[in-house]
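To keep things clear, I will list the structure first and then write my remarks on it.
Rule-based calculations on the coordinates, nothing more; no lab input. Just so you know, these numbers come straight off a predicted model, no measurement behind them. Here the Cβ positions follow ideal geometry from the backbone for every residue, glycine too, while neighbour counts run over all protein chains shown.
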Amino acid sequence: YTFGFVVHVALQGAAAALIPSEYARKGKVDARKMADRLFQWSVVTGICLGGLQQLALPILLPLFTTLPEVREAVKAPALVASLLHVVNGPRFVAEGEMIGLRSFRDLTGITVVGTALLVACLQFTTLGQTLRGVMLANLVFCSYQTISLVSHYWRVGELRRNKKQRKMQGNLEVKPE
């Protein structure tokens, strides 16, 4: 999971650097195309990392413990961690886009609400009582973040598409606003 997290952070850094650079050099349309490519890569990367983690689990588990009880107890959190890779891919690119375009206020607002949601899951439900529950609470947090950040990109952010462009999503050529 940690290796995958590093890959996601690398995509975040790439988004934070490449999107504003493209915006400064070529304008909003090309910056949006760059962001879209990074989002596509983030989805592919997240799916690959999650799948790879699931495939590696039977190989890695015996290296860490010989106890069957421990091996069984780790399976559910490992599955949730694999799902986190899929969810976190677009999340980190969206965060990078917001950092690069200096949308700090919106990013902070989304993160504060997400953090409150995470704390509520851990404090006011049974999720905080087990490792699996903590991982599920983290999945709730990351899912909220991903939905909010990607929605911001599509609907209200600096690179948002107007209504006409949203209707023509399948068309990769975006007319300048």
(request) Inspect all residues belonging to region 100-122 and state whether any of them is closer than 20 Å to Leu49 by Cα and in contact with a helix residue (DSSP H, G or I) (Cβ under 6 Å, 6 or more places away or on another chain). (result) no
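Residue by residue, here is whether (1) of a type in the set (A, V, I, L, M); (2) crowded, with 18+ Cβ neighbours inside 10 Å holds:
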{"site": "Ala10", "(1), (2)": "yes, no"}
{"site": "Pro20", "(1), (2)": "no, yes"}
{"site": "Arg37", "(1), (2)": "no, no"}
{"site": "Gln54", "(1), (2)": "no, no"}
{"site": "Pro58", "(1), (2)": "no, no"}
{"site": "Leu63", "(1), (2)": "yes, no"}
{"site": "Phe92", "(1), (2)": "no, yes"}
{"site": "Glu95", "(1), (2)": "no, yes"}
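Residue by residue, here is whether (1) in contact with a Cys (Cβ under 9 Å, 6 or more places away or on another chain); (2) over 17 Å from Ser151 (Cβ atoms); (3) among the charged types (D, E, K, R); (4) touching a residue at least 40 places away in the same chain (Cβ under 8 Å) holds:
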| residue | (1), (2), (3), (4) |
| --- | --- |
| Phe5 | no, yes, no, yes |
| Ala16 | no, yes, no, yes |
| Gly27 | no, yes, no, yes |
| Arg32 | no, no, yes, yes |
| Leu55 | no, yes, no, no |
| Pro68 | no, yes, no, no |
| Ser103 | no, no, no, yes |
(message) Any residue in region 105-125 that is part of a helix (DSSP H, G or I) sitting within a Cβ distance under 6 Å of a residue that is among the small types (Gly, Ala, Ser)? List the pairs, counting only those 6 or more apart or interchain.
(response) Ile110/Ser148; Leu118/Ala137; Cys121/Ala137; Leu122/Gly128; Leu122/Ala137
